[in-house]
Amino acid sequence: MRVASRVGGGKEGFRVLTLNDYRDIIPLAREEKRMQLIDEAEKSAICDEMLGILLEERNEIAAFSYPYKVKRNLIWGYLNERVPKPVTPRFLEIQDRLFRSETLERGIVDVRSFAYEDGIALWQGDITRLNADAIVNAANNSLLGCFIPHHKCIDNVIHSRAGVQVRLDCSRIMGAQGEAEPAGCAKITLAYNLPSAYIIHTVGPMVGLQATDEDRRVLRNCYVSCLNLAKEMGLSSVAFCCISTGVFSFPRDEAAAIAVGAVKNWLMEKGGGMKIIFDVFLDKDREIYEEVLKNT
């Protein structure tokens, strides 16, 4: 799908990049992931090596007399703050070994086991555990993830568990695009150390005092853009988080109704066997989606 171009409001000739525009800029071939559990001693040694590299970048002195969990927490925060610049193959090797072990420890949830009704399933839990072809990230308009250390937003969690490669890939895309990502569009990267193959990044509307018709239109476009991109990539399952209902303040009930309506309409028009998972984390979101799905 080629999304609408726009000129003005920024650099001359700026337009939203399509998949064809950036598929040669970043790796998009589906990876075969080798995941293996490692013990705490090896995890601690990896943390020492990663901290040495990260602290050297920050011009700080390395000191590793901390317990493993403290060291791992430091790495999380440093990676949140780290600007998208290249890393060595060795850093990626040890990062991936650690992160994939953690993925196994959290437990991988097979989306093929879900009960689908008209191609849709509802699941409550951590979206980074799902082995869907793609999970959807509610991103900010830089697409670079959250830079606030240890922030619990979905953008931070997904980037932090997937690995530094996601921020690097998004940086390449945004460098080619030349401006911030407009709300309602979608970009795709590999998911690297997550169970899913891909991450689809979309920027939802940020609501003021109350949601406007434009906010509703943009939120609907988020779901449609993600699904169109998934279809273009030949994917068969997509897991959505609750876009814009966190710090972007879209009312939860209305957001769920828009999400379900947009997905059901898309499935009727273009579905072709696509499986959709609405992933919720909070009990109140599960209750809202159960009600909307029952009555839509």
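Put simply, the Cα atoms of the range 91-161 extend 41, 30, 18 Å along their principal axes, the longest span coming first. When the helices of the chain are scored as -39500 (n - 2.57) per DSSP H run of n ≥ 4 and the total is divided over every residue, the value at 222 nm lands at -14000 deg cm²/dmol. Taking the centroid of alpha carbons for each part, the range 259-277 and the range 52-71 are 47 Å apart. Calculated on the alpha-carbon coordinates, the convex hull of the range 17-71 measures out at 147 cubic angstrom per residue. Counting charges near ARG216 (Lys, Arg +1; Asp, Glu -1) among other residues having Cβ under 13 Å from its Cβ returns a value of -3.
Annotation: for a label point projected 7 angstrom from Cα along Cα→Cβ of VAL247, residues of the range 130-157 with backbone N closer than 13 Å are 138-157. The residues of the chain have, on average, 46 Å² of accessible surface per residue, using a 1.4 Å probe with all protein chains present.
Each principal axis of the Cα cloud of the chain was evaluated for its coordinate range; sorted largest first, these ranges are 56, 48, 39 Å. Within a straight-line Cα-Cα reach of under 27 Å, LYS69 can be paired with the following lysines, leaving aside sequence neighbours fewer than 8 residues apart in one chain: LYS33, LYS43, LYS85, LYS152. For the chain, the longest principal axis of the Cα atoms and the long axis of helix 89-106 meet at an angle of about 60 degrees. The simple spin-label model puts a point 7 Å past each Cα toward its Cβ; for ALA29 and TRP76 those points are separated by 3.4 nm. Within the assembled protein chains, the solvent-accessible surface assigned to ASP24 is about 140 Å², based on a 1.4 Å probe.
Between GLN124 and VAL280, the built amide H atoms are under 5 Å apart, and every one of these is 5 or more places off in sequence or on another chain.
Counting only alpha carbon atoms, the long axis of helix 213-232 and the longest principal axis of the chain meet at about 70°. Is the range 233-272 best put as rounded, prolate or oblate by its Cα gyration tensor, with a ≥ b ≥ c the root eigenvalues, rounded for a/c under 1.5, and otherwise prolate when a/b is larger than b/c, oblate when not? Oblate, since a/c reaches 1.5 and b/c is not below a/b. Angle check, please: helix 252-270 long axis (alpha carbons) against the longest principal axis of the chain (alpha carbons), in degrees 0 to 90, nearest 10. For helix 252-270, the angle is close to 70 degrees. Taking packing as the residue-averaged number of other Cβ atoms within 10 angstrom, the listed peptides 103-111, 266-274, 54-62 run from highest to lowest as 103-111, 266-274, 54-62.
The shape of the range 97-213 comes out oblate: with a ≥ b ≥ c from the C-alpha gyration tensor, a/c is at least 1.5 while a/b does not beat b/c.
When peptides 37-47, 225-235 are sorted by average Cβ neighbour count within 10 Å, with the highest value leading, the order is 225-235, 37-47.
Inter-label distance, ALA180 to ASP213: 2.5 nm, where each label sits 7 Å from its Cα along the C-beta direction. Shape of the range 147-275 from the C-alpha gyration tensor: oblate (a/c of 1.5 or more and a/b not above b/c, with a ≥ b ≥ c the square roots of its eigenvalues). For the chain, the fraction of 1.4 Å probe accessible surface lying on carbon and sulfur atoms is 52 percent.
The value given for the range 36-168 is a Kirkwood hydrodynamic radius of 16.2 Å, derived from the mean inverse Cα-Cα separation. If r is the Cβ-Cβ distance from GLU40 to GLU287 and R0 is 45 Å, what FRET efficiency results, to the nearest 0.05? Between GLU40 and GLU287 the formula returns 0.70.
The values are calculated or read from the model by the stated rules, or taken from the named source; none is laboratory data. None of the values given here were measured: they were computed from a predicted structure. No Cβ is skipped: glycine too gets one built from the backbone with ideal geometry, and neighbour counts run over all protein chains shown. Please note that ligands, DNA and RNA were not included when accessible areas were found on the heavy atoms of the full protein model with its side chains. Shrake-Rupley method; radii C 1.70, N 1.55, O 1.52, S 1.80 Å.
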